[in-house]
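This report concerns only the one structure given below.
What follows is calculated from the coordinates using simple rules that are stated; it is not laboratory data. Predicted model, so just to flag it, every value in this text is computed and none were measured. Here the Cβ positions follow ideal geometry from the backbone for every residue, glycine too, while neighbour counts run over all protein chains shown.
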Amino acid sequence: MSDRIRQSFAAQSLMETLQARITALEPGRVEITAPILPGGRQQQGAGHAGVTFALADTAAGFAALSLMPEDREVMTVEAKINLLAPALGEALIARGRVVKAGRRLSVVTAEVFARAGERETCIAILQGTMIPVDGGPR
């Protein structure tokens, strides 16, 4: 499972652009960490909500993928995010998990934390639905 998830993740050019890395992986759970880059900030200096959403969606999606058969990938059907606080700090950590894995749809969630030094602040919560699709490049 681990190699398949890491290979699929490596194929995402957006995650490479954000310098995001998988920092924890187990069945039904994925953690992704990325620095808050100068090019990923909004006009007031906080991390941009688009970066927060991308990390949350990706962590939740890979959590779903970790429970799928080897020949499947996943795509987001829908997602909702609550932004709770500004993304202030050096890095964002998105922790995705599967709430309910289904044959046709999986319900997922992710929490995103901003890390400033040793302190982590929950800045966003995403809930979404993933659908299995045929594997391989598009």
Once amide H atoms are placed 1.01 Å from N in the peptide plane, what residues at a sequence separation of 5 or more from L67, or on another chain, have their amide H within under 5 Å of its amide H? G28
Please order L55, L83, L18 by the number of other Cβ within 10 Å, starting at the fewest. L83, L18, L55
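Would you work out the relative contact order for the chain, in percent, from Cα pairs under 8 angstrom that are 6 or more residues apart?
Details: 317 pairs, mean separation 34.0, N = 138.
25 percent.
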GNM top mover of T23, T52, T33 - the chain, alpha-carbon springs below 10 Å: T23
Amide H of A87: which non-local residues (sequence gap of 5 or more, or other chain) have their own amide H closer than 5 Å, using H built in the peptide plane? G47
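If each residue's Cβ is checked for other Cβ atoms within 10 Å, how do S8, S106 rank with the fewest at the top?
Fewest-to-most Cβ neighbours within 10 Å comes out as S8, S106.
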How long are the semi-axes of the equivalent ellipsoid of the range 9-138, taking √(5λ) for every eigenvalue λ of the Cα gyration tensor, in whole Å from largest down? 25, 15, 12
Taking Cα atoms, how many degrees apart are the long axis of helix 49-65 and the longest axis of the chain, rounded to 10 and kept between 0 and 90? 30 degrees
Ranked by Cβ crowding within 10 angstrom, fewest neighbours first, how are M130, M15 ordered? M15, M130
